[in-house]
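Structure, as structure tokens:
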Amino acid sequence: MIVFRVEHEDFLNSWPSRGYVFKPGRWHRKGFPINYTSESPSLAMLEVLANNTFLPKNRHLIEIEISDKVIIDELAQEDLPVDWGESPYPKEGAELIESLVLNGSLCIKVPSIITPGGFNYLLYAGATDFEKIFKIKRIMDLPFDPRLK
């Protein structure tokens with residue numbers, strides 16, 4: 001399976017990405033090792049745009065192959081807290097993901113709040129052999145079209 005991540009050029013040499021260290025997200029508490037990816041390049045771009053007040057620059061699209069040996073756990077809409085899509089993010093979403101990871105999940109499929117019917121994939125960055133089970137296949141320059149903001 002292939003997933004996508006948008007990354008700033010300053011962090012391209014760090015895999016797994018360490019963005020989780022700096023701030024919390026919808027699905028993780030600050031410091032909990034989760035890497036966010038998306039099912040398509042366009043959804044990955046929309047996720048970045050939604051989390052920035054400016055047009056991102058110096059970004060790259062990373063194509064990642066998830067090993068066939070990885071079981072992808074899936075959270076359906078009915079499995080999520082009622083307010084999972086709110087901002088600021090409710091803590092229950094992060095607690096749910098952390099619980100799944102602590103019980104062995106390495107990859108969790110979650111619905112996108114931005115694109116109905118779209119999905120993001122959360123990769124556990126603390127996994128043993130992370131670089132082998134979530135392998136970078138390709139890195140491409142990713143200029144954001146100025147019309148997007």
Legend entry - Yes/no for Leu102 being over 17 Å from Ala125 (Cβ atoms), surrounded by fewer than 19 Cβ atoms within 10 Å (Cβ to Cβ) and not acidic (Asp, Glu): no
Inset, instruction - Test Asp79 against the criterion of being surrounded by 11 or more Cβ atoms within 10 Å (Cβ to Cβ) and more than 15 Å from Val3 (Cα to Cα), and give yes or no. - result: yes
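Only the coordinates and a few stated rules stand behind these numbers; no lab work does. Just so it is clear, the structure is predicted and the values come from calculations on it, not from any experiment. Methodologically, a virtual Cβ is constructed for each residue, glycine included, from the backbone with ideal geometry; neighbour enumeration extends over all protein chains shown.
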